[in-house]
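Derivation of every value follows stated rules applied to the coordinates shown; laboratory data play no part. Remember, predicted model here, so these are calculated numbers, not experimental data. Glycine also receives a Cβ, built like all others from the backbone with ideal geometry; neighbour counts cover every protein chain displayed.
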Amino acid sequence: MELNEFQDVLIKFSQKEVKHYIGLGNPNAKILIIGKECAHEEGSTSAQQECSNNYNQWMKLVEKGHGFINEEEIPQWDGSWETFCPFAPYNKPQRFTIERKKGDKIISGAGGTSATWYNYQKLINYIRELGKLDNPVNTSTIDFYKDCFITELNEKCRVNNYGLSVKEKQETEENICQRFDLMKETKSFWSHFDTVILACGPYANKLRNNQKLIQEVFGDAKVISTINNRNVPQLSIAISNELLREIAKQVEIKINIL
């Protein structure tokens, strides 16, 4: 798989002192899903796998393929962040169910995924049902990442954002503004998507209220941030199938004419 615009992100991020989080999934997909933040404890194994080592993982993958991604050489994940592949995350693969834990003990859905990724899978399945994507509906395992790229507006990992202090809220707002600046610098990548889904509730308010900023980051992409005059929330808890189906209906995929 040739990476095209994604190379621009890697080059420009390589010039930064901090190696910023980019995202997970297929960089050449037509759909971009933006969430709030990775719901992991800072410094945890999950945070290392999905977030803090994200740039290095992409660089390693791209350098190995000399600018390409060889899908047949994706490493089998062994539980460590070193073998975690951002192009095909948790490629065991995970079951299409929510794994629930109490402390460190799994109480249901062993081998499953998070609530957010479960809903991402349902959303991509609904889009596939409408014939907008070529991959088949998958209700057995998690493979939504084949048809989309996912990223977060806040690079800082946080299990939840309830009861934040004034300082934490201010830091989050600053992180989001910095994220916008980074995305504007690498617009060639973020603007190549046909549809952008802002599944991050109030985190996207600055975008909703600023058409110029949307254009500066996403270009002419179809941006979905509201459904029936309500902000699209983080797709994690208490998400209805009706909401996901409505989002799927609004997704636009351009047909490439050779």
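Using +1 at the C-beta of Lys and Arg and -1 at the C-beta of Asp and Glu, which of I176, S165, G103 has the Cα lying farthest in the positive direction of the dipole of segment 6-250? Positive-end residue among those listed: S165. For segment 194-258, the list of trypsin sites (Lys or Arg not before Pro) that fall in a loop by DSSP and count at most 16 other C-beta atoms within 10 angstrom reads K254. Other residues within the sphere of radius under 15 Å centred on the Cβ of G79, judged by their own Cβ, net out at -4 (K and R +1, D and E -1). Considering only G103, G35, G163, the mean-square fluctuation computed in a Gaussian network model of the chain, springs between alpha carbons under 10 angstrom, is largest for G103. A simple count of charges around A110, restricted to other residues whose Cβ falls under 14 Å of its Cβ and scoring Lys, Arg +1 and Asp, Glu -1, yields +4. Note on the chain: dipole from Cβ charges, positive end direction compared against Q7, P27, Y203; the farthest Cα belongs to Y203. Cross-link partners for K16 among the lysines, with Cα-Cα distance under 26 Å and sequence neighbours closer than 8 places in the same chain left out: K36, K60, K64, K156, K167, K169, K184, K187, K206, K212. Among the GluC sites (Glu not before Pro) in segment 174-258, those placed in a DSSP loop whose Cβ has at most 16 other Cβ atoms within 10 Å are E252.
Note on K101: aspartates and glutamates with a C-alpha under 15 Å away, same-chain residues under 8 apart excluded, are E41.
Counting only Cα atoms, the size of segment 106-210 along its three principal axes is 43, 41, 20 Å, in decreasing order. About the centre of its Cα atoms, the chain shows a dipole size close to 780 debye [charges on the beta carbon of Lys, Arg (+1) and Asp, Glu (-1) only; nearest 20 debye].
Output the relative contact order of the chain, whole-number percent, from Cα pairs under 8 angstrom with separation of 6+ residues.
RCO, the chain: 26 percent.
Each part gets one Cα centre, and for segment 113-147 versus segment 189-227 those centres are 21 Å apart. Rounded to the nearest 20 debye, the dipole magnitude of segment 84-180 is 380 debye, with +1 charges on Lys and Arg beta carbons, -1 on Asp and Glu beta carbons, and the Cα centre as origin. Each Lys or Arg adds one and each Asp or Glu subtracts one; over the other residues with Cβ under 12 Å from the Cβ of L235, this totals +2. Going by neighbour counts of Cβ atoms within 10 Å, the residues C148, C85, C177 line up, fewest first, as C177, C85, C148. Considering the chain as a Gaussian network with a 10 Å cut-off on Cα pairs, which listed residue, D104, D181, D147, attains the greatest mean-square fluctuation? Top of the fluctuation ranking is D104.
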